[in-house]
Each structure stands twice: as C-alpha cells, then as structure tokens.
Amino acid sequence: MKPVIAICPGSYDPVTYGHLDLIERGARVFDRLIVAVLRNIQKNPLFGLDERVEMLKESTRGMENVEIDVFEGLLVGYARSQNARVILRGIRAVSDYEYELQMAMMNRKMEPRLETVFMLPAETFSFLSSSLVKEISGLGGSVEGLVPPMVAQRLKAKVR
Ligand code: PNS
C-alpha cells in the first residue's frame, strides 16, 4: 500500500494549541502530514510567512512524520504537486461547517481524487481561533494556555 500523504492547510497566523491538537491527531492517522502555510496576501496577516513557518517548526519539533511547507495559489494544485490524497481540516463547532463544506465541495469539484477529512479538536480548544488570540493579545490580555509560550512572546513583541 502506498503511504497516505495528507495536507493540513491554513493561515496559521499564528499557530495555536487548537492547530497543534489537530496536527497531532492527523500525524497519528496519516503516514506523512504536510502542514502547508498559505502565503495569503489578501488576508494581511499579522505575522510574515517566515515567522509563521518558524513558529510551526518550533512547535512541531519531534513529530517525526510532520513537515512544514508553504504554498500559494490553489490548494488542489499544491496537493497534486505533493501527491497528497487527503486534505485535513478541523471543525470546532457547527458554525465552521458551512464554510468547510463549501471549500471541501469546491476542492472535490476541481480534484475528485482528493478527499477532505474533518477531525474534531479536543473540546478545550473548541472556542479557540488565531483571530481571537490576536485580539486578546493586542488588547493586553493573557493568551497563556491558548498558544505555546514562544508564540505568546512573539505576540507581545508585536504589540509593543
Ligand atoms: O486557516 P484558514 O485561513 O481557515 O485556511 C484557509 C485555507 C488556506 C485552507 C483556504 O483559504 C485555501 O485553501 N486557500 C488556497 C486557495 C484555494 O485553493 N482557494 C479555493 C478554495 S475552495
């Protein structure tokens, strides 16, 4: 049997414990998991692409079948270039479902051989998002327990 390669795409601006929970779950199920960071020009990210990659690399150190990469353009094109069979996404709550369903169906239309697999994060992280983390940190609140300490430090440095 061919090894199953999965892509876990996202903005990761910045990586949270919710993302890491999903990455760990994916790494247990798939042979290779590529965490692919979108070079998103439109979204005007807080962290540059290099910083987002650095934070992911540091937080996934020791996860042997996990690698970090960047992509731009269509996700299906990138998945094809990596011989990936799966797109892995997390669903935190029903509110995520509509957007995720739309993306999964569009991706299937463009590349029927690619399966989108949804996993549920631990319930402790079901309320967590990068946007909220940025907002809290920007307003001087604590993000302890929501992101790795190194990410929290970088968030603080951005506010200063
Ligand atoms: O972390 P995010 O911002 O929710 O991730 C969204 C992401 C990166 C999965 C999505 O924006 C994406 O796949 N972008 C690449 C462009 C693309 O393929 N668009 C068509 C989607 S149907």
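What follows is calculated from the coordinates using simple rules that are stated; it is not laboratory data. Being a predicted model, the structure only gives us computed values, none of them experimental. Ideal geometry is used to build each Cβ from the backbone, glycine not excepted, and the neighbour counts take in all protein chains shown.
Structure summary
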quantity: Most fluctuating residue given options L33, L22, L101, as computed from a GNM of the chain linking Cα atoms under 10 Å; calculated: L101
quantity: Of the trypsin sites (Lys or Arg not before Pro) in the range 100-134, those whose Cβ has at most 14 other Cβ within 10 Å and which sit in DSSP loop; calculated: R113
quantity: Nonlocal amide H pairs with I7, under 5 Å, H built at 1.01 Å; calculated: I34, V86, I87, L88
quantity: Under 20 Å from K156, Cα to Cα: lysines that are on another chain or at least 8 residues apart; calculated: K57, K134
quantity: Choice from M106, M119, M55 with maximal GNM fluctuation in the chain (Cα, 10 Å cutoff); calculated: M106
quantity: Fully extended contour minus Cα-Cα distance, from M110 to F127, at 0.36 nm per residue; calculated: 3.0 nm
quantity: Extension gain (nm, one decimal) between K2 and R39, 0.36 nm per residue minus Cα-Cα; calculated: 10.4 nm
quantity: Neighbour net charge for R92 - beta-carbon separation under 14 angstrom, K R +1, D E -1; calculated: -3
quantity: Residue-averaged [θ]222 nm for the chain, counting only DSSP H segments that reach four residues, each worth -39500 (n - 2.57); calculated: -13000 deg cm²/dmol
quantity: Alpha-carbon centroid distance for the pair the range 77-102 / the range 133-151, whole angstrom; calculated: 26 Å
